[in-house]
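Some notes on the structure that comes next.
The values are calculated or read from the model by the stated rules, or taken from the named source; none is laboratory data. On a predicted model such as this, the values are computed, not experimentally measured, just so you know. In this analysis, Cβ positions are derived from the backbone assuming ideal geometry, glycine residues included, and neighbour counts consider all displayed protein chains.
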Amino acid sequence: MRRIPRFAFEYLDGGCNEDVNLHRNTAELREVELKPFYLTKHTASSLKTELFGHEYDAPFGIAPIGLQGLMWPGAPEILARAANEHNIPFILSTVTTASIETIGKITDGKFWFQLYHPADNALRDDIFNRLDAVGCQTLVLLCDVPTFGFRPRDIRNGLAMPPRMTLRNILQILGRPRWAITTLLHGKPQFATMVKYMPKGLNMKALGAYMNATFSGRLNEEKIAPIRDRWKGKLVLKGVATEEDTATAIKLGLDGIIISNHGGRQIDAGESTIHSLDRIVQKYRGQIKIMIDSGLRSGPDIARAMASGAEFTFLGRTFMYSVAALGKQGGQHAIAMLKVQLKQVMEQLCCETVADFPRHLIKRS
């Protein structure tokens with residue numbers, strides 16, 4: 001908060017409506033308790049995790065976040081570079097501030113891409129061609145934004161669509177000269193992947209209208225089936241909260257799901273992701289890769305989610321807080337910190353591999 005303008009911090013930190021589900025995600029996750037086996041013969045703990053045929057160095061990755069460059073200039077590039085060096089997945093959002101080509105070059109194609117579904121199939125297919133060209137192997141379909149959540153702070157700060165710059169925002173920028181200078185040197189944040197499709201010279205109002213017309217957030221079987229036919233890599237559905245949507249993902253031949261509620265930013269009356277995970281794992285474990293995001297902040301949180309049945313985890317805000325605070329070192333710092341925290345939990349539990357986490361779960365009736 002001391003390093004970036006308040007409007008940028010509130011965009012990152014806030015949820016929707018009264019932030020009920022934002023806080024519920026983390027609070028209910030932290031009700032999960034784990035049991036140690038101290039007298040077990042324990043040699044070492046390994047964070048190595050196999051997912052989609054690749055062995056990652058840890059069971060967590062960097063979740064997609066829109067407008068990352070608003071929080072800190074070059075944030076997606078910083079995080080993609082750190083993820084690549086640490087051998088963990090980085091998911092690029094359609095609406096963040098680095099392009100497919102830029103992240104493809106940084107990661108040698110070893111990144112995932114989250115697609116906001118375009119209304120125009122020709123645009124969708126062109127994005128797929130660009131992903132193919134840089135070697136991206138994992139596509140993530142976003143299903144939990146059929147409409148945008150009601151986010152009062154973003155509206156007050158002029159970060160709704162269309163965005164606007166208010167006197168209050170200008171004064172906040174002047175109060176954060178390092179952020180302002182770094183942003184000036186890096187260039188104004190923009191939807192980098194979408195630039196090639198946008199008409200030239202759009203003002204803020206026209207940009208908002210263009211984005212609203214370009215994306216059709218509501219997914220269904222008819223929209224997903226042709227994507228499954230076209231996309232030859234791994235296909236993941238993100239935003240799953242129910243057994244019904246999990247069953248549909250399996251029926252359509254998807255490779256994985258990410259249980260998510262968009263970090264508590266979409267439906268305040270919704271369920272926490274850890275509770276959704278519990279039901280889905282009980283019914284569909286082994287039939288599809290089950291992953292989770294939303295509410296995870298720390299190594300112990302990752303351990304709780306893995307013990308509850310998640311096969312992989314993603315965190316968003318943790319990484320962005322770190323980049324906003326530390327700039328270019330933020331990605332490296334956050335990943336190293338999470339690895340140390342998670343390793344400490346495993347050693348305390350006498351848990352040797354991440355696959356062993358479920359046996360440490362204390363189940364409550």
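Brief remarks follow.
- Hey, Leu79 more than 19 Å from Ala307 (Cβ to Cβ) and surrounded by fewer than 19 Cβ atoms within 10 Å (Cβ to Cβ) or not: no
- Residue match in the stretch 277-295 (condition: within 28 Å of Gly69 (Cα to Cα) and surrounded by fewer than 21 Cβ atoms within 10 Å (Cβ to Cβ)): no
- Number of the exception - Ile274 against (1) surrounded by fewer than 23 Cβ atoms within 10 Å (Cβ to Cβ); (2) in contact with an Asp or Glu (Cβ under 6 Å, 6 or more places away or on another chain): (1)
- Matching residues, the stretch 65-99, being out of contact with any Gly (no Cβ under 6 Å at 6 or more places or on another chain) and under 17 Å from Lys234 (Cα atoms): Phe90, Ile91, Leu92
- Checking Met1 against (1) more than 17 Å from the chain's Cα centre (by Cα); (2) at pLDDT below 95; (3) buried (at least 18 other Cβ atoms within 10 Å of the Cβ), the condition it does not meet: (3)
- The listed residues are Ala27, Ala83, Ala63, and the only one of them that is among the small types (Gly, Ala, Ser) and out of contact with any strand residue (DSSP E or B) (no Cβ under 7 Å at 6 or more places or on another chain) turns out to be Ala27.
- Yes/no for Asp229 being at negative phi, in a helix (DSSP H, G or I), at pLDDT 95 or above and over 23 Å from the mean Cα position of the chain (by Cα): yes
- Filter result (of a type in the set (S, T, N, Q) and either within 21 Å of Asp144 (Cβ to Cβ) or free of Cβ contacts under 8 Å to residues at least 40 places away in the same chain (or both)) within the stretch 83-120: Asn84, Asn87, Ser93, Thr94, Thr96, Thr107, Gln114
- Matching residues in the stretch 300-324 - criterion: being under 16 Å from the mean Cα position of the chain (by Cα) and within 16 Å of Leu34 (Cβ to Cβ): Asp301, Ile302, Ala305, Ala310, Thr313
- Output for the stretch 271-299, where each listed residue is over 17 Å from the mean Cα position of the chain (by Cα), farther than 16 Å from Leu51 by Cβ and either charged (D, E, K, R) or modelled with pLDDT under 95 (or both): Glu271, Asp278, Arg279, Lys283
- Criterion: polar (S, T, N, Q) and closer than 28 Å to Arg2 by Cβ - qualifying residue of Gln329, Gln282, Gln266: Gln329
- The one condition in (1) surrounded by fewer than 20 Cβ atoms within 10 Å (Cβ to Cβ); (2) farther than 19 Å from Leu70 by Cβ that Gly256 fails to fulfil: (1)
- Verdict on Leu139 being modelled with pLDDT of 85 or more, surrounded by 15 or more Cβ atoms within 10 Å (Cβ to Cβ), touching a His at 6+ places or on another chain (Cβ under 7 Å) and not in a helix (DSSP H, G or I): no
- Any hit, the stretch 203-222, residues being surrounded by 13 or more Cβ atoms within 10 Å (Cβ to Cβ), closer than 19 Å to Thr138 by Cα and either modelled with pLDDT under 85 or not acidic (Asp, Glu) (or both): yes
- In the stretch 259-271, residue surrounded by the most Cβ atoms within 10 Å (Cβ to Cβ) [restricted to those that are in contact (Cβ under 8 Å) with a residue 60 or more places away in the chain and among the hydrophobic types (A, V, I, L, M, F, W, C)]: Ile267
Matching residues to (1) at pLDDT 95 or above; (2) out of contact with any helix residue (DSSP H, G or I) (no Cβ under 7 Å at 6 or more places or on another chain):
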residue	(1), (2)
Arg6	no, no
Gly15	no, no
Glu18	no, yes
Thr26	yes, yes
Lys41	no, yes
Ser46	yes, yes
Gly66	no, yes
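- Of all residues in the stretch 93-117, exactly one satisfies the criterion of being closer than 25 Å to Pro226 by Cβ and of a type in the set (Asp, Glu), namely Glu101.
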